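Each remark here refers to the structure printed beneath this line.
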Amino acid sequence: MNLAPVRWAVAGLGFSSAVTQLVLLRELLATFQGNELILGLLLGTWLLLTGIGTQLWRAGSMGESARLVRRNSESDGRRAAEDESVVHPADCSPRAPSVASLPGLAALQIWIALIPFAQVLAVRLGRDAVFLRGATLGLNQTVWSSLLVLAPYCLASGVFLTLASRAAGETNAARGVSTAYLADCLGSVIGGALFTFALVRWLDHLALLVVPSTVNLLLAALTLRRIARNRIAVLPLALAASLVACVAWLDPDALTTAWQSRPDRVVFRAQSPYGRLVVTESAGQLNFIENGLPLLSSRQIERAEEIAHIAMAQRPSARNVLLISGALSGAAGEILKYGVTNLTCVELDPAILEAGRRLLPERLTDRRLRVVNTDGRRYVQRGDGPYDLAIVDMPAPATAQLNRYYTAEFFAELGRVLESDGAVVFGLGQYDNYVSPELARMLASTARTLRLRFRTVLLLPAAKVWFLASDGPLTPSIAARLRQAGVSAQWMRPSYLDAMLTPERLAAVASAAELPAPVNSDFRPVLYFLHLRHWLSQFDVWLGAAAIVLGFSLAVYIARLSASAFAVFSGGFAGSGLEVALLLGVQVLYGSLYQQLGLIVTVFMAGLAVGAWLGGRQGSRADLRRLASVAFALAIYGILMPWMLTALAQMSPAGMPPWFGQVLLALLTAGLAVLVGLEFPLACRVERADVGTLASRLFCADFVGACVGAILAGALLIPILGVTAACGVAASLNALAGLRLLWRGRTSCTSSIQSS
């Protein structure tokens, strides 16, 4: 049988899934203003629904099998029960699946090509139709909404994988499933790389989706041409041409963005590797919104004055000042009211700077202002300076990426670029005359982390709680310092400062900062977890019962897995969980360099493909012991990974080229992915089942394992216990899988000896 059409079809699915997943996750994060917990849940939902989709075909095929058995028994009478040739449920998949499966594959390809457009439109236009406009949605609404949005694509892709495996496995079930797995990995490599390095830079999300849609429609046309010549094959070609024309002429991204932003007027929109930026205008005020989160407003005077004057009051004679982020917030203009001769502002996203040059050019033209377009932490690691004052105007540590700016390691790096009595200033949390238990834990952890590097730490309660740290003196007398400096302000007047900095408020935040709390570090981002708890405390979360049901169902599912399927589950868990640890390592050690992050993801998918290819070449030599050895290798990998990441962290950024560490992390990623990819085809040869059952069983185990690994590692294990504990859980799970495989092999040998 010629497997080329099936391979191309599955490769098209892998390409489409990689691009569509990235687009839909970004759209959902922007719409629901998501954090890392939401990202983990969305990714887990994607994997779980795809795993369920692989089981849908199996459920349908079992019904078909029962009907075939019943029809045979009715026609043959009593002889059917005695005849060895009677069709059994496990063996009754229709013959010549290479032809019978093609119409179903083509139909699914057309569905997979078209449904992402409807999903993006539903996300953009449906939020305000279902929920109160402008309201912040909690965890409950986000989870159920994402389930409804992602299900049409994920379930169809799961069915497609099983159906394609059945088409490719007419004569050899293991070969068919392995072929589908390898083709899917190769397509994902191309899709992930093309999205990261090309498509997201040139096209908006809706225009970008035309690329995978066109690929799938062309493949559907080729599939239909094999069974119906050119009569039906014209349909997907016409659909592809219609999509291209619609996006080119109507510009649906502009239309839907205008709908989302009403009644404000959209004056700028851009797509960058860091997010989707939209700038709106309302009554002369410009509002910068990135990924659904408000960044700044041009008339937000109170924010600009508060951060600038609280910081500059500590060192009013500062000459060299570092401002991380906030290039357009207006803080730079307030800082330059003092005798600053050099203000260095570090801004990551080039789209923000482009919008600023077009819409707010006056905020970037002062000759004393130097704007650097790079990652803030990476800039600090280079050792530029020294600075009299460092101001960190970053959002709260709502994600592991943002947590990098609140860790002990970052504070130590800041200390190295400051003068001996230089100061660090940043804000955290919202303070409304009450320190909640969640906010108190955040303040205590941050204060304890700062004290590891700086002798003096001072907390000032204003709209935010402002942290000031230095080895020199610090003062809460902001109003007096402003009068001495002769600086005028519209918002930061003595009356406001007297109301904010009362003895009672100062004592409340100081008392909270003295509570016992863990240190926030790069590889144990506890502040990120504490911020999640603080965020969740604002909503009525009633997913407890659902979590219990899902946990119990997962336990039952794992208990019923065969030894080889459990190995695939454990490998999926390790692949997903350890990849989260590696991505954290890239962010922490080498800055928020999104191209490098995209490279890591692409390298992982390429490693899966290499592993699947190597496993497929094992032939009949693949047995339980080989599969067990791969599981043990993954366990060892999990044990060694924290040590390897720590070793990289201890290398001096100034003494080692950035590319060297990134290459090492890419090699670590490739090694992990090869082991995970190698496991799947080996399990295909160990597992005994017809092709449909084999495909649904192993694909489902892989997806569910990856789902659990992504959620547990990204949202719970790493933030609470750290990278070492998360890697230890993955290692233990794979060691258990290896032991179970060896036990199965031993019992099988014993049974064979006894029977002989």
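The values are calculated or read from the model by the stated rules, or taken from the named source; none is laboratory data. Source: prediction; values computed, not measured. A quick note on method: Cβ atoms are made from the backbone with ideal geometry, for glycine too, and the neighbour counts reach across all protein chains shown.
Quick check: anything in segment 259-267 surrounded by fewer than 18 Cβ atoms within 10 Å (Cβ to Cβ), in a helix (DSSP H, G or I) and not assigned by TED's automatic domain parsing to the domain that holds residue 105? Yes: one or more hits.
Checking each residue of segment 463-479 against the condition of being crowded, with 17+ Cβ neighbours inside 10 Å, of a type in the set (S, T, N, Q), touching a helix residue (DSSP H, G or I) at 6+ places or on another chain (Cβ under 8 Å) and in contact (Cβ under 8 Å) with a residue 40 or more places away in the chain gives no match. Which of the residues spanning segment 336-361 are more than 25 Å from the chain's Cα centre (by Cα) and part of a loop (DSSP other than H, G, I, E, B)? Scanning segment 336-361 gives 336, 337, 338, 339, 340, 341, 360.
Among the candidates 297, 282, 325, the residue that is within 20 Å of residue 389 (Cβ to Cβ) and of a type in the set (Ser, Thr, Tyr) is uniquely 325. Filtered by the rule that a residue be among the acidic types (Asp, Glu) and either over 26 Å from residue 54 (Cβ atoms) or surrounded by fewer than 24 Cβ atoms within 10 Å (Cβ to Cβ) (or both), segment 687-733 gives 687, 690. Of the set (1) at pLDDT below 90; (2) in a helix (DSSP H, G or I); (3) not polar (S, T, N, Q), all apply to residue 689 but (2). Annotation note: of 574, 547, the sole residue that is modelled with pLDDT of 90 or more and either more than 30 Å from residue 629 (Cα to Cα) or under 25 Å from the mean Cα position of the chain (by Cα) (or both) is 574. Taking residue 484, is it under 21 Å from residue 325 (Cβ atoms) and either among the acidic types (Asp, Glu) or surrounded by fewer than 13 Cβ atoms within 10 Å (Cβ to Cβ) (or both)? Taking the combined requirement at face value, the residue does not satisfy it. Tallying residues that are in a strand (DSSP E or B) and touching a residue at least 40 places away in the same chain (Cβ under 8 Å) within segment 446-462 yields 4.
Among the residues of segment 193-217, how many are under 18 Å from residue 235 (Cα atoms) and touching a residue at least 60 places away in the same chain (Cβ under 8 Å)? Explain how you work it out, then say what you get.
From segment 193-217, those under 18 Å from residue 235 (Cα atoms) are 210-217; that's our starting set.
Now drop any that are not touching a residue at least 60 places away in the same chain (Cβ under 8 Å), which leaves 211-217.
Going through segment 193-217 one residue at a time, the tally reaches 7.
Of the residues screened, residue 753 is not one that is out of contact with any strand residue (DSSP E or B) (no Cβ under 6 Å at 6 or more places or on another chain), buried (at least 24 other Cβ atoms within 10 Å of the Cβ), over 28 Å from residue 56 (Cα atoms) and at pLDDT below 85.
Just checking, which of 243, 199 is farther than 23 Å from residue 161 by Cβ, in contact with a Phe, Trp or Tyr (Cβ under 8 Å, 6 or more places away or on another chain) and among the aliphatic types (A, V, I, L, M)? Give the derivation first.
On the way: 199 fails: in contact with a Phe, Trp or Tyr (Cβ under 8 Å, 6 or more places away or on another chain).
The conditions single out 243.
Could you tell me whether any residue of segment 318-330 is without any contact (Cβ under 8 Å) to a residue 40 or more places away in the chain and either buried (at least 24 other Cβ atoms within 10 Å of the Cβ) or among the polar types (S, T, N, Q) (or both)? Within segment 318-330, not a single residue is without any contact (Cβ under 8 Å) to a residue 40 or more places away in the chain and either buried (at least 24 other Cβ atoms within 10 Å of the Cβ) or among the polar types (S, T, N, Q) (or both). Report yes if residue 231 is of a type in the set (Lys, Arg) and not in a helix (DSSP H, G or I), otherwise no. Yes.
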